[in-house]
Amino acid sequence: MNKESKNIEETLIKEVAAILSMEQGSVGPEVPLHEMGLDSLGFVELLVVIEKTFKIRLMESGLTREDFKTIRSLAAKIRIMT
């Protein structure tokens, strides 16, 4: 994993941990987001963070449900888009 992907992943871990009120160390990049307890409201919060942090217009991004499976898959897609 290159440095840019690692930075994106670390940012997503930090944000997901905040949304879920968890320690960052408890958020695994390969654990499915729904298994960590991220519900529909949490996903909306995450979408807002992605738009603001990475300057991605989600409605035009082409991101799919599969891209949101794990933090790692989401970080990889964001890296390609930025």
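Going by the conditions given, is ILE13 within 13 Å of the chain's Cα centre (by Cα) and touching a residue at least 40 places away in the same chain (Cβ under 8 Å)?
When the stated conditions are applied, ILE13 passes them.
In region 1-21, what residues are over 16 Å from ASP67 (Cβ atoms) and modelled with pLDDT under 95?
MET1, ASN2, LYS3, GLU4, LYS6, ASN7
Could you grab me the full set of residues in region 45-76 that are more than 11 Å from the chain's Cα centre (by Cα) and aliphatic (A, V, I, L, M)?
Hits for region 45-76 are ILE56, LEU58, MET59, LEU63.
Restricting attention to region 41-70, and to residues there that are in a helix (DSSP H, G or I) and of a type in the set (D, E, K, R), which single residue is nearest to GLU15 (Cα to Cα)?
Filtering first and then ranking leaves GLU45.
Considering only residues that are assigned to a helix (DSSP H, G or I) and exposed (fewer than 14 other Cβ atoms within 10 Å of the Cβ), which ones fall in region 19-33?
GLN24, GLY25, SER26
Within region 47-61, which residues are farther than 10 Å from ILE78 by Cβ, surrounded by 14 or more Cβ atoms within 10 Å (Cβ to Cβ) and hydrophobic (A, V, I, L, M, F, W, C)?
Result: LEU47, VAL49.
Looking at LEU38, LEU74, which one is crowded, with 17+ Cβ neighbours inside 10 Å, assigned to a loop (DSSP other than H, G, I, E, B) and hydrophobic (A, V, I, L, M, F, W, C)?
Just one listed residue meets the conditions, LEU38.
Examine region 48-66 for a residue that is touching a residue at least 40 places away in the same chain (Cβ under 8 Å) and of a type outside the set (Phe, Trp, Tyr), and state whether such a residue exists.
Yes, region 48-66 has at least one match.
The values are calculated or read from the model by the stated rules, or taken from the named source; none is laboratory data. As the structure is a prediction and not an experimental result, all values here were calculated from the model. A quick note on method: Cβ atoms are made from the backbone with ideal geometry, for glycine too, and the neighbour counts reach across all protein chains shown.
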